[in-house]
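What follows is one structure encoded as structure tokens, with my remarks underneath.
The values are calculated or read from the model by the stated rules, or taken from the named source; none is laboratory data. Computed from a predicted structure; not experimentally measured. Cβ: placed from backbone, ideal geometry, glycine included. Neighbour counts: every protein chain shown.
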Amino acid sequence: MTAVLLVFQLGQPRIFFSMSRDGLLPKSFSAVHPRFRTPHVTTILTGVFVAFFAGFVDINEAVVLTNIGTLFAFILVCAGIIVLRRSEPERRRPFRTPWSPWVPILGILSCAYLMYHLPLITWIRFGVWLLIGLAIYFGYSYRRSRLHGKT
């Protein structure tokens, strides 16, 4: 699990970088280091955030929060495949999903099954993080998104 958390920590700055370029986060999050060409601002912020919580959060709590977050993300990806196949059938697809929509449906069901068996406190914490994310989105990101108003 430590390896998974480390990979998440390395990937999160890139996600913030992309979100910033799309207008979902402040422009400073898309700053690139002049020498190393990496998103140094988000790398530092992510590192400080993770280091702070690593000092106070039990590893088992971090593991179940990682599990519920990852499973929810997989559900969104599977649902996105189904929705995009129906809403934009002519869109160029760089990859194929075999036996669509059955594989995405099975993915949604299997992830939901695993999430169902996580402790209640994990669901509460997940809900709080989700509400914080939605508050950021509707309070800041929605109006500033480069995709806002585009079809």
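Residues are listed down the side, and each one gets a yes or a no for (1) closer than 25 Å to A3 by Cα; (2) assigned by TED's automatic domain parsing to the domain that holds G23; (3) assigned to a loop (DSSP other than H, G, I, E, B):
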| site | (1), (2), (3) |
| --- | --- |
| R37 | yes, yes, yes |
| V50 | yes, yes, no |
| L84 | no, no, no |
| I105 | no, no, no |
| Y137 | no, no, no |
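Could you list, in sequence order, all residues of region 86-99 that are under 28 Å from F126 (Cβ atoms) and either surrounded by 10 or more Cβ atoms within 10 Å (Cβ to Cβ) or in contact with a His (Cβ under 6 Å, 6 or more places away or on another chain) (or both)? Passing the criteria: only T97. For the residues A112, A135, A73, the requirement of being within 27 Å of L10 (Cα to Cα), of a type in the set (G, A, S) and in contact with a helix residue (DSSP H, G or I) (Cβ under 7 Å, 6 or more places away or on another chain) singles out A112. No other residue among S110, S141 is in contact (Cβ under 8 Å) with a residue 60 or more places away in the chain and either surrounded by 12 or more Cβ atoms within 10 Å (Cβ to Cβ) or within 14 Å of the chain's Cα centre (by Cα) (or both) apart from S141.
Listed here are the residues, each with its yes/no results for (1) modelled with pLDDT of 90 or more; (2) polar (S, T, N, Q); (3) over 27 Å from S30 (Cβ atoms).
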{"site": "A54", "(1), (2), (3)": "no, no, no"}
{"site": "A79", "(1), (2), (3)": "yes, no, yes"}
{"site": "F95", "(1), (2), (3)": "no, no, no"}
{"site": "S110", "(1), (2), (3)": "yes, yes, yes"}
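In this structure, does V4 turn out to be closer than 30 Å to A112 by Cβ and buried (at least 16 other Cβ atoms within 10 Å of the Cβ)? So V4 does not fit the description; no. Looking only at region 17-32, residues that are farther than 19 Å from R143 by Cβ and assigned to a helix (DSSP H, G or I) come to 1 in all.
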